[in-house]
Amino acid sequence: MAPPAEQDIRVAVGGLGVIGGEVACRLDQGIPGLRLTAVAARDLDKAHRRMAGFREAVPVVSLDALAGDADVVVECLPAGRFTEVAFPAVRAGRIFLPLSVGALLDSPGLIDLARETGARIIVPTGALLGLDAVRAAAEGDIYSVRMVTRKPPAALAGAPYLEEHGISLEDLTRPLKVFAGSARDGARGFPANVNVAAALSLAGIGPDLTQLEIWADPDVTRNTHDIEVEADSARFRMTIENVPTEENPGTGRITALSVIATLRGLVGPLKVGS
């Protein structure tokens with residue numbers, strides 16, 4: 001639960017990879033109204049080394065203990081570790097910010113638990129755009145939502161769907177459509193790549209009705225998402241080209257910034273957007 005307004009909101013970060021490390025660093029540098037109080041990672045020794053360069057000493061704890069000293073828990077982990085942070089945070093009634101949104105689709109009991117405990121699950125916009133417009137349209141009738149994702153082959157390498165279907169992206173010379181189906185199936189097959197599709201589906205007509213295409217495209221250098229929405233209130237199309245991080249070509253630089261913007265929205269005197 002959120003503390004009184006005169007106190008800093010305590011933020012704990014699970015995962016110190018590309019996204020979590022940037023979020024924790026920004027909090028350590030100082031954001032008014034927010035205070036980093038704990039971090040957790042799969043490799044505790046590596047996390048201790050990472051935190052050694054921070055200005056403030058912050059405890060490094062196990063994943064399931066992350067919610068113990070926090071008002072907000074930010075999850076920046078591989079999808080397979082999602083539940084280790086998610087359920088303790090929601091059970092404790094915290095504000096929970098998940099980045100592994102695809103894993104949220106496979107944890108429907110988490111939302112019911114949040115209703116019981118008073119927790120709030122807030123999904124950051126991440127590498128997407130226009131979720132406000134989709135949410136607004138969902139207050140009326142949305143007829144269709146379609147998303148087309150194009151990424152460099154290296155950004156999709158190792159995805160379970162590719163391995164299960166024997167799809168090789170080596171020496172690819174032209175765009176290849178590697179998936180077409182629902183956002184739910186796409187999130188399961190590409191857990192590290194299309195959390196944006198899961199977020200889009202939650203904002204709109206759900207993961208089974210939201211349609212997704214994924215292309216491995218050697219001609220693109222940015223992770224690109226095209227979204228088309230047809231509703232009774234509006235018809236709109238959106239495109240975003242995300243600059244990938246140097247550490248991970250599948251992760252856009254804007255993702256960590258989206259988490260930081262979401263955190264600022266919890267404490268700032270002005271919040272733009274629904």
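Points worth noting:
- Tallying residues that are within 22 Å of S144 (Cα to Cα) and open to solvent by less than 60 Å² (accessible area, probe 1.4 Å) within the stretch 170-188 yields 8.
- Pick from the stretch 61-100, criterion open to solvent by 30 Å² or more (accessible area, probe 1.4 Å) and aliphatic (A, V, I, L, M), ranking: nearest to R184 (Cα to Cα): A79
- Restricting the stretch 154-169 to residues that are under 21 Å from the mean Cα position of the chain (by Cα) and in a loop (DSSP other than H, G, I, E, B), the residue that is surrounded by the most Cβ atoms within 10 Å (Cβ to Cβ): A159
- Flag if D8 is surrounded by fewer than 21 Cβ atoms within 10 Å (Cβ to Cβ) and closer than 16 Å to P98 by Cβ: no
- Residue in the stretch 113-134 that is open to solvent by 50 Å² or more (accessible area, probe 1.4 Å), assigned to a helix (DSSP H, G or I) and touching a residue at least 40 places away in the same chain (Cβ under 8 Å) present: yes
- Only residues that are touching a residue at least 12 places away in the same chain (Cβ under 8 Å) and either more than 28 Å from S168 (Cβ to Cβ) or not in a strand (DSSP E or B) (or both) were counted in the stretch 207-235, giving 18.
- Condition check for R235: over 20 Å from P124 (Cβ atoms), open to solvent by 20 Å² or more (accessible area, probe 1.4 Å) and within 15 Å of the chain's Cα centre (by Cα): no
- Scoring R49 on the criteria (1) in a helix (DSSP H, G or I); (2) open to solvent by less than 10 Å² (accessible area, probe 1.4 Å) leaves a single failure, condition (2).
- Count - residues of the stretch 238-256 that are part of a helix (DSSP H, G or I) and open to solvent by less than 80 Å² (accessible area, probe 1.4 Å): 3
- For V74, the test of being touching a strand residue (DSSP E or B) at 6+ places or on another chain (Cβ under 7 Å), more than 18 Å from L263 (Cα to Cα) and at pLDDT 90 or above is failed.
- All of (1) out of contact with any strand residue (DSSP E or B) (no Cβ under 8 Å at 6 or more places or on another chain); (2) over 30 Å from A216 (Cβ atoms); (3) part of a helix (DSSP H, G or I) hold for G93 with one exception: (3).
- Selected residue (criterion: most open to solvent (accessible area, probe 1.4 Å)) from residues of the stretch 25-42 that are in a helix (DSSP H, G or I) and touching a Lys or Arg at 6+ places or on another chain (Cβ under 8 Å): Q29
The values are calculated or read from the model by the stated rules, or taken from the named source; none is laboratory data. The structure presented is a predicted model; accordingly, all values stated were derived computationally and were not measured. So basically every Cβ, Gly included, is an ideal-geometry build from the backbone, and we count neighbours across all protein chains shown. What goes into the accessible areas is simple: the full protein's heavy atoms, side chains included, and nothing from ligands, DNA or RNA. Shrake-Rupley method; radii C 1.70, N 1.55, O 1.52, S 1.80 Å.
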